[in-house]
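*Asks:* One structure is given below, represented as C-alpha coordinates, and several questions about it will come after.
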Amino acid sequence: MKVTVKYFASIREAVGVSAEARETSAATLADLRDELIAQGGGYAETLARGKAVRVALNQLMVVESVALVEGAEVAFFPPVTGG
(Lines give C-alpha, C1' and ligand atoms only; values in the text may rest on other atoms or scores of the structure.)
Protein backbone atom coordinates (compact mmCIF):
# COMPACT_ATOMS: atom_id res chain seq x y z
CA MET A 1 0.00 0.00 0.00
CA LYS A 2 1.06 3.60 -0.46
CA VAL A 3 1.40 5.94 2.51
CA THR A 4 2.89 9.38 3.08
CA VAL A 5 5.39 9.58 5.90
CA LYS A 6 6.30 12.92 7.48
CA TYR A 7 9.21 13.59 9.80
CA PHE A 8 9.53 16.48 12.22
CA ALA A 9 12.24 18.26 14.22
CA SER A 10 15.34 16.17 15.01
CA ILE A 11 13.95 13.16 13.14
CA ARG A 12 13.61 15.24 9.96
CA GLU A 13 17.19 16.46 10.39
CA ALA A 14 18.52 12.91 10.85
CA VAL A 15 16.72 11.33 7.87
CA GLY A 16 17.29 14.32 5.59
CA VAL A 17 13.73 14.71 4.28
CA SER A 18 10.56 16.21 5.69
CA ALA A 19 8.19 13.84 3.88
CA GLU A 20 8.19 10.92 1.49
CA ALA A 21 5.70 8.70 -0.32
CA ARG A 22 6.37 5.06 0.52
CA GLU A 23 5.19 1.72 -0.72
CA THR A 24 4.91 -0.58 2.31
CA SER A 25 3.70 -4.01 3.28
CA ALA A 26 3.47 -2.96 6.94
CA ALA A 27 0.21 -3.86 8.66
CA THR A 28 0.67 -1.52 11.63
CA LEU A 29 2.53 1.64 12.48
CA ALA A 30 4.99 -0.46 14.50
CA ASP A 31 5.72 -2.53 11.39
CA LEU A 32 6.29 0.64 9.38
CA ARG A 33 8.67 1.97 12.03
CA ASP A 34 10.58 -1.32 11.89
CA GLU A 35 10.82 -1.08 8.08
CA LEU A 36 12.25 2.41 8.42
CA ILE A 37 14.73 1.34 11.11
CA ALA A 38 15.92 -1.47 8.81
CA GLN A 39 17.00 1.16 6.25
CA GLY A 40 19.82 2.10 8.61
CA GLY A 41 21.49 5.50 8.80
CA GLY A 42 19.46 8.35 10.23
CA TYR A 43 16.31 6.22 10.21
CA ALA A 44 17.86 3.59 12.48
CA GLU A 45 19.46 6.23 14.68
CA THR A 46 16.36 8.32 15.43
CA LEU A 47 13.57 5.74 15.19
CA ALA A 48 15.38 2.96 17.09
CA ARG A 49 13.40 1.00 19.64
CA GLY A 50 13.94 2.51 23.06
CA LYS A 51 14.01 6.04 21.63
CA ALA A 52 11.12 8.30 22.56
CA VAL A 53 9.14 8.77 19.34
CA ARG A 54 5.57 9.98 18.96
CA VAL A 55 3.43 8.91 16.01
CA ALA A 56 0.30 10.28 14.39
CA LEU A 57 -2.00 8.69 11.83
CA ASN A 58 -4.01 11.08 9.68
CA GLN A 59 -3.21 13.90 12.14
CA LEU A 60 -4.39 12.01 15.24
CA MET A 61 -2.00 10.85 17.95
CA VAL A 62 -2.13 7.06 18.15
CA VAL A 63 -0.26 4.05 19.53
CA GLU A 64 1.94 2.03 17.20
CA SER A 65 -0.35 -1.00 17.24
CA VAL A 66 -2.88 0.88 15.06
CA ALA A 67 -3.40 -0.59 11.59
CA LEU A 68 -2.17 1.24 8.52
CA VAL A 69 -4.62 2.00 5.73
CA GLU A 70 -4.07 2.82 2.06
CA GLY A 71 -3.29 6.49 1.52
CA ALA A 72 -2.63 7.20 5.20
CA GLU A 73 -0.51 10.08 6.40
CA VAL A 74 1.91 8.97 9.12
CA ALA A 75 3.97 11.45 11.12
CA PHE A 76 6.93 10.68 13.37
CA PHE A 77 8.28 13.25 15.79
CA PRO A 78 10.23 13.43 19.04
CA PRO A 79 8.47 14.35 22.28
CA VAL A 80 8.07 18.10 22.50
CA THR A 81 9.00 20.18 25.50
CA GLY A 82 8.74 23.86 25.84
CA GLY A 83 8.49 26.73 28.14
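The values are calculated or read from the model by the stated rules, or taken from the named source; none is laboratory data. Values in this document were obtained by computation on a predicted structure and should not be read as measured data. We work out accessible area using only protein heavy atoms, side chains counted, and drop any ligands, DNA or RNA first. Shrake-Rupley method; radii C 1.70, N 1.55, O 1.52, S 1.80 Å.
*Asks:* Please tell me the relative contact order of the chain in percent, rounded to the nearest whole number, where contacts are Cα pairs under 8 Å and at least six residues apart.
*Replies:* On the way: 141 pairs, mean separation 33.7, N = 83.
Once divided by the residue count of the chain, the mean separation gives 41 percent.
*Asks:* Please report the antiparallel percentage of DSSP beta bridges with both residues in the chain, rounded to the nearest 5.
*Replies:* Numbers: 12 of 16 bridges.
Approximately 75 percent, going by the DSSP bridge assignments.
*Asks:* Could you give each residue of region 3-19 its phi-based ³J(HN,Hα) in whole Hz, using Karplus coefficients 6.51, -1.76, 1.60 with θ = phi - 60°, and x for Gly or Pro?
*Replies:* Calculated HN-Hα couplings, in order: 9, 9, 10, 10, 10, 10, 6, 5, 5, 4, 4, 6, 8, x, 9, 8, 7 Hz.
*Asks:* How much accessible area per residue does the chain have, in Å², with a 1.4 Å probe? Each step should come with its number before you reach the end.
*Replies:* On the way: 4600 Å² over 83 residues.
Here the per-residue accessible area is 55 Å².
*Asks:* Further question: I need the P(r) histogram for region 1-64: all alpha carbon pairs, bin width 5 Å from 0 out to the longest distance, whole percents.
*Replies:* 4, 17, 30, 33, 15, 2
*Asks:* Pick from L68, L36, L60: which residue has the top mean-square fluctuation in a GNM of the chain where Cα pairs under 10 Å get a spring?
*Replies:* L60
*Asks:* Helix 29-38 versus the longest principal axis of the chain: what angle, 0 to 90°, nearest 10, using Cα atoms?
*Replies:* Relative to the chain, helix 29-38 is tipped by roughly 70 degrees.
*Asks:* From the protein chains alone at 1.4 Å, what is the descending order of accessible area for M61, M1, largest first?
*Replies:* Numbers: M61 95, M1 60 Å².
Sorted descending by solvent-accessible area, the residues read M61, M1.
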